Amino acid sequence: MKRGLVEKAAMAVLGIMAGMGVLVLVLILAEVFLRGGGALDAGFFLEESRDFGAAGGVRYQITGTLLLMVGAAALGLPLALAGALFQTEYLKSPGLKRGLRLLIYSLNGVPTILFGLLGYLFFGIYLGAGVSWLTGVLILAIMILPTIQVSVQEAIEALPENYREAGGALGLSRWQEIRSIVLPHSFFGIVTGTLLGLARAAGETAAILFTATAFSGARFPASFGDPVPTLQTHILVLAQEAVNPRAIEAAWGAGCVLLILVFSLIAASLFFRSRLSMEFDR
Amino acid sequence: MLFKPRSIAVFFRILVTALALTATGLIVLFFLFLVKESVPVFQAEGARFLTGGDWWVGESYGAGPMIFGSAVVTLLALAMVLPFALAGAVVASEFLSPRLRWAMKSLMELFAGVPGIIYGLLGVGVLAPAVKDFFGLIDGNTLLTAALLLGLMVFPTILTLADDALHAVPGKYRDQAQGLGLSRLETVRAVVLPQARAGLLGAVFLGLGRAMGETIAVMLVIGGRDQVPSPWYNLFAPGQSIPSKLGREAAEAVGAGLHWNALLGLGLVLFLMVLGVTVAGQLFLNKGRAT
Amino acid sequence: MTHAIEIVNARVAYNGKPVLDAFSTRIREHSVVAVIGPSGTGKSTLLRTLSRMNDRVPGFRVAGTVRIGGEDIYAKGVDVCRLRRKVGMIFQTPCMFPKSIFENVIFGLKHQDPGRRKEFPDLAEKALRRASLWNEVKDRMHKPAPNLSLGQQQRLAIARTLAVEPDILLLDEPTSSLDPQSALAIEALILALKKDHTLLVVTHQLAQARRVSDETIFMEAGRLVEAGPTETMFSHPVHPATRAYLEGARDA
């Protein structure tokens, strides 16, 4: 049968192309662990970086990355929650709703370097926060706002209308409805969104490069006005300028740490999202 | 209790509205800044800012090479990766078991979150040397290298969005087509792909938007030369994209002078390009979901 | 005397299209009124108008006067939440929150009177007894409510509404998704609740309307065609449209 043969051949081509794409990606990412895995020992996590990255570890780079990402999520989450609730619960005009929705979804695609430039202009210069971790947190919070909000909003919108009606028919006010029906039901959506936001903030480099970080001399910040070192910018500087093989290995090691951090956050978000969809399959 | 239940409701409503408006207002403010701060460079350079080929700090600001570089690198990346990503999406949506599809989608989601700096490191350490040796070049940092790296970066995003678009086509159409004697692959070609066209376009546009804005990874491997290569289609030449230019020069130009205005002008051009592509993509996706 | 419900020339439009038109009626306290008529004639809209459930649906406009217990419920300054506690609503498909039976019964109560927390178990028992569900669930109050049968869920929904002590109960096809046995249980419940409440029941089953109601309203295309004592209307319908509907439905 000629038709069957053509079908089989086409299937094979499709399969090979798909497989190749995935395989190349897997192999190249595995390279990070191959090259950097050797650098990972207790000292790498606990010591501070010395000799232009050639000696010591990345202790303060890790704390810097964590500080920025947690600060950004702590600030971004309330804003995103408010944004989502405002749009789903309080805003009435359908036209405005659609407009705001498109704005939030489109913001997700805005290049992060622009958040860096404009955030620095506004927070760093106009508000006088300078090159500091505070500026970084503010910029990242706005950057991850759409990520969190989209996730929260989709969870809220997936809530079946009859739950709200049942609540409304019992005389619950809008605030009571939010507290006892909407928020508990979108809990996993909120968790998922926050984790994705954390992952995005953890990996971001361009937006904090010249607004919140310093390569050397910075440790754990003593005040809001201090810059911090981070894994991301550490890797960047070493990748661009390091010649000492030990420093290059340290860059791969820092890459490993960052990748593990980001992967854990995304994996956790996937886990919570599967819980979310199970809730509504019932 | 500080508030009676009723005042809590009012307080909460005001709080939510205020926070939401603050965030929205801040974002709108940001982009008003972007426009305001880039006005001086358009006054100084006029249309030459967009078309001019020379960028000498303190003398002239021509964004031509950067716009060219951005366009070439992103389009090339997309052209290279699209066949693979679409094949992956068709396989995942139409031929994998639900379990395997879930596994593949999770993997893609994981990969889509890999930070740009990791790709940058891979670009410097693996890809650029490979391009250099394979093509016998003096330097591996070229437009082609940047495009390859970008292609890898957006592969998971495009695959997973395209798979969503295909999967949104209701099963009854597949049953109908197969009931008429079409093979599974013919069904995909004749029924599923046409139905999913809007969603697929959305996936492509969103991937394009993502590639256009990537800064760090591109900056590390594109070569950083502010010139259109000669001949213009020489992809083995170093070049510059808008985000990589911003990433390189923002730190030194921060805050003052025409140089800073010129960089924000570049930012405005990038913003408009990405916004156009992303909004188009989002509208296509919504349309795909609605049908 | 004041009526439990009084509607004067109400007009409800959705996106400019009238759903209820020139609608007037009065309903006595402690009576059961059945609302019958073809699908899509605005029966549900009538119920939803009485507890302002359409407030959140964009595009709905209500004109005319609707009084509950003598008060205009569409007047400025009316507290919609208090209104809805006075006017309870039961939907076609019961909607259980994914919580325990106990949590579901006190769901509305909890938000109305958080201070009476200590009394909740007693109040829950009282409400469940009145909905004749107590004996079936008293040993598993803390098991998830969605595990109950649909008929039990519907009675739980009624108990949940009774717990906030409404004067009026609106039931929108309360038995149409239930098996006959459960439907009879709900009908018995309706008759028992008449003592303390005024009930409005939308139904497609004419036999049911006849069994439970004192008065019947027949609607068509958003208008009230005929209203009166149930027995009279079923044996001697006045309006030709009513006659046609009753006969057509009887044949079907």
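The values are calculated or read from the model by the stated rules, or taken from the named source; none is laboratory data. Since we're looking at a predicted model, the values are computed, not measured. All Cβ positions, glycine included, derive from the backbone under ideal geometry; neighbour counts span all protein chains shown. These area figures cover heavy atoms from the full protein model, side chains too; ligands, DNA and RNA do not enter into them. Shrake-Rupley method; radii C 1.70, N 1.55, O 1.52, S 1.80 Å.
Kindly establish whether A:Ile142 is open to solvent by less than 20 Å² (accessible area, probe 1.4 Å) and either at positive phi or facing chain B (nearest Cβ under 7 Å) (or both). Yes: the conditions hold for A:Ile142.
Reported count of residues in the stretch A:159-185, each being among the hydroxyl-bearing types (Ser, Thr, Tyr) and outside any loop (DSSP other than H, G, I, E, B), is 2.
The residue that is modelled with the highest pLDDT, among those in the stretch A:164-218 that are within 23 Å of the chain's Cα centre (by Cα) and more than 28 Å from A:Asn108 (Cβ to Cβ), is A:Ala214. Looking across the stretch A:186-201, the residues that are of a type in the set (S, T, N, Q) and in a helix (DSSP H, G or I) come down to A:Thr192, A:Thr194.
Based on this model, can you work out whether A:Ala251 counts as open to solvent by less than 10 Å² (accessible area, probe 1.4 Å) and in contact with a Phe, Trp or Tyr (Cβ under 9 Å, 6 or more places away or on another chain)? Judged against the criteria, A:Ala251 is not a match. Within the stretch A:259-276, the residues that satisfy the criterion of being farther than 20 Å from A:Leu66 by Cβ and either at the interface with chain B (Cβ under 10 Å from one of its Cβ atoms) or open to solvent by less than 50 Å² (accessible area, probe 1.4 Å) (or both) are A:Leu270, A:Phe271, A:Arg273, A:Ser274, A:Leu276. A single entry from A:Ile156, A:Ile113 fulfils the requirement of being in a helix (DSSP H, G or I) and either more than 7 Å from every other protein chain (Cβ to nearest Cβ) or open to solvent by 30 Å² or more (accessible area, probe 1.4 Å) (or both): A:Ile156.
If you go through the stretch C:58-70 and keep only what is more than 10 Å from every other protein chain (Cβ to nearest Cβ), touching a helix residue (DSSP H, G or I) at 6+ places or on another chain (Cβ under 9 Å) and over 23 Å from C:Leu109 (Cβ atoms), you end up with C:Phe60, C:Val62, C:Val66. Quick one: in the stretch B:179-197, which of the residues that are surrounded by fewer than 23 Cβ atoms within 10 Å (Cβ to Cβ) and outside any helix (DSSP H, G or I) is farthest from the other protein chains (Cβ to nearest Cβ)? Result: B:Leu180.
Let's see how each residue does on (1) among the hydrophobic types (A, V, I, L, M, F, W, C); (2) without any contact (Cβ under 8 Å) to a residue 12 or more places away in the chain; (3) assigned to a helix (DSSP H, G or I):
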residue	(1), (2), (3)
A:Leu25	yes, yes, yes
A:Leu29	yes, no, yes
A:Val32	yes, no, yes
A:Gly36	no, no, yes
A:Phe44	yes, no, yes
A:Phe52	yes, no, no
A:Tyr60	no, no, yes
A:Thr63	no, no, yes
A:Leu67	yes, no, yes
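Each row is one residue, and each column tells you yes or no for (1) at positive phi; (2) touching a residue at least 24 places away in the same chain (Cβ under 8 Å); (3) hydrophobic (A, V, I, L, M, F, W, C).
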{"position": "B:Ala130", "(1), (2), (3)": "no, no, yes"}
{"position": "B:Asn141", "(1), (2), (3)": "no, yes, no"}
{"position": "B:Leu144", "(1), (2), (3)": "no, yes, yes"}
{"position": "B:Pro156", "(1), (2), (3)": "no, yes, no"}
{"position": "B:His167", "(1), (2), (3)": "no, yes, no"}
{"position": "B:Pro170", "(1), (2), (3)": "no, no, no"}
{"position": "B:Gln176", "(1), (2), (3)": "no, no, no"}
{"position": "B:Leu182", "(1), (2), (3)": "no, no, yes"}
{"position": "B:Gln195", "(1), (2), (3)": "no, yes, no"}
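When A:Thr233 is tested against (1) at positive phi; (2) under 22 Å from the mean Cα position of the chain (by Cα), only condition (1) is not met. Which of the residues spanning the stretch B:48-69 are part of a helix (DSSP H, G or I) and open to solvent by 30 Å² or more (accessible area, probe 1.4 Å)? Matches in the stretch B:48-69: B:Arg48, B:Leu50, B:Thr51, B:Ile67, B:Phe68. Only one entry in A:Thr205, A:Thr233 is in a loop (DSSP other than H, G, I, E, B), at the interface with chain B (Cβ under 10 Å from one of its Cβ atoms) and under 28 Å from B:Ala112 (Cβ atoms), namely A:Thr205.
Could you tell me whether A:Phe224 is touching a Leu at 6+ places or on another chain (Cβ under 7 Å), open to solvent by 20 Å² or more (accessible area, probe 1.4 Å) and away from chain B (no Cβ under 13 Å)?
Yes.
Is it true that A:Ile104 is open to solvent by 10 Å² or more (accessible area, probe 1.4 Å), touching a residue at least 40 places away in the same chain (Cβ under 8 Å), part of a helix (DSSP H, G or I) and of a type in the set (A, V, I, L, M)? Answer is yes for this residue. Within the stretch A:85-99, the residues that satisfy the criterion of being more than 18 Å from C:Phe60 (Cα to Cα) and within 7 Å of chain B (Cβ to nearest Cβ) are A:Leu85, A:Phe86. Of all residues being among the basic types (Lys, Arg) and closer than 18 Å to C:Met53 by Cβ in the stretch C:85-104, which is farthest from the other protein chains (Cβ to nearest Cβ)? Just the residue, please. Restricting to residues being among the basic types (Lys, Arg) and closer than 18 Å to C:Met53 by Cβ, the top hit is C:Lys86. Checking the stretch A:23-34 against the condition returns no match, with no residue being modelled with pLDDT under 95, open to solvent by 70 Å² or more (accessible area, probe 1.4 Å), under 17 Å from A:Ala242 (Cα atoms) and not hydroxyl-bearing (Ser, Thr, Tyr). Just one of the listed residues (A:Ala18, A:Ala9, A:Ala39) is among the hydrophobic types (A, V, I, L, M, F, W, C) and in contact with an Asp or Glu (Cβ under 7 Å, 6 or more places away or on another chain), namely A:Ala39.
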